[in-house]
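The values are calculated or read from the model by the stated rules, or taken from the named source; none is laboratory data. Just so we're clear, the structure is a prediction, and the values are computed from it rather than from any experiment. We place every Cβ from the backbone using ideal geometry, glycine too, and count neighbours over all the protein chains shown.
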Amino acid sequence: MAQAAPEETRGRSDARLLDWQASVADALVSGGVTVAAYVPDTRLQGILARLQEHGLLLRSLTREEECVGYAAGQRMAGGRPVVLMQSSGLGNAINALASLVVPYRLGIPLVISMRGTLGEANPSQVPMGRATLPILTTLGIQSARLRTAADAEQCTRGVMSLAFEAGECAALILEPTLGGGRESI
């Protein structure tokens, strides 16, 4: 069975935009991000909608390791990519991160929407929610936990500086307290 081509989009979206989502997206754009690779997630839609408003190329892929591989290629070609995913997808991306991005210091920022933490109702999300931060730490990927809209721009800029200037993969962790979907606390 033939696989469908990855979706590329430019333009506008009608998704409801929260302040923190706009701040994250605007900081990504002002920091020079050239392309966003992502696996669709409800909490990421506002960020993606704002990136579309800026005319940024969005690359929707089916698996998180594809996003990391695509971003690695973009980075090696001189681009400034960002990868957006849900925490449950981090497990799919471990090999690409650990064998390519981290050892070769490709410096890719990750935006990770957390699931499986305090207040989670879906038991299948809990194991990766519990493991996300330890996995990132074990791989040497620094993370900034975004809990309030007021910190969105500063945290995003910090993660991008680690990635693009220091050459270190870094993660922005979107905590459920921000809102935007699946919050239950």
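Show the residue pairs that are 6+ apart or on different chains and have beta-carbon atoms under 7 Å apart, the first residue being within the range 103-114 and touching a residue at least 24 places away in the same chain (Cβ under 8 Å) and surrounded by 24 or more Cβ atoms within 10 Å (Cβ to Cβ), the second being charged (D, E, K, R) and not in a strand (DSSP E or B).
108/75; 113/41; 113/43; 114/175
Which one of the conditions (1) over 23 Å from residue 35 (Cβ atoms); (2) surrounded by 21 or more Cβ atoms within 10 Å (Cβ to Cβ); (3) touching a residue at least 60 places away in the same chain (Cβ under 8 Å) does residue 152 fail to meet, given that it meets all the rest?
(1)
Among the residues in the range 156-163, are any touching a Leu at 6+ places or on another chain (Cβ under 9 Å) and part of a loop (DSSP other than H, G, I, E, B)?
Among the residues of the range 156-163, not one is touching a Leu at 6+ places or on another chain (Cβ under 9 Å) and part of a loop (DSSP other than H, G, I, E, B), which makes the answer no.
Consider residue 31 against the criteria (1) touching a Phe, Trp or Tyr at 6+ places or on another chain (Cβ under 9 Å); (2) modelled with pLDDT under 95; (3) within 25 Å of residue 147 (Cα to Cα): it satisfies all of them except one. Which criterion is unmet?
Here residue 31 meets the rest and fails (2).
Look at the range 28-76 and say how many of its residues are of a type in the set (Val, Ile, Thr) and not in a loop (DSSP other than H, G, I, E, B).
Matching residues across the range 28-76 total 5.
Could you tell me which numbered condition residue 109 fails, if it satisfies all but one of (1) more than 15 Å from residue 44 (Cβ to Cβ); (2) modelled with pLDDT of 95 or more; (3) in contact with a helix residue (DSSP H, G or I) (Cβ under 7 Å, 6 or more places away or on another chain)?
Result: residue 109 fails condition (1) only.
For the condition outside any helix (DSSP H, G or I) and at pLDDT below 95, what is the one hit in 13, 88?
Of 13, 88, the one residue that is outside any helix (DSSP H, G or I) and at pLDDT below 95 is 13.
Residue 65 passes all but one of (1) under 23 Å from residue 46 (Cβ atoms); (2) surrounded by fewer than 24 Cβ atoms within 10 Å (Cβ to Cβ); (3) among the charged types (D, E, K, R); which number fails?
Failed condition: (1).
State whether one or more residues within the range 126-134 are exposed (fewer than 15 other Cβ atoms within 10 Å of the Cβ), farther than 16 Å from residue 82 by Cα and not basic (Lys, Arg).
Yes, that holds for at least one residue.
Kindly provide the set of residues from the range 95-125 that are among the β-branched types (Val, Ile, Thr), out of contact with any strand residue (DSSP E or B) (no Cβ under 8 Å at 6 or more places or on another chain) and within 24 Å of residue 80 (Cα to Cα), ordered by number.
101, 102
I'd like the residue in the range 24-62 that is among the basic types (Lys, Arg) and in contact with a strand residue (DSSP E or B) (Cβ under 7 Å, 6 or more places away or on another chain) and, out of all such residues, is surrounded by the most Cβ atoms within 10 Å (Cβ to Cβ).
In this case the residue turns out to be 43.
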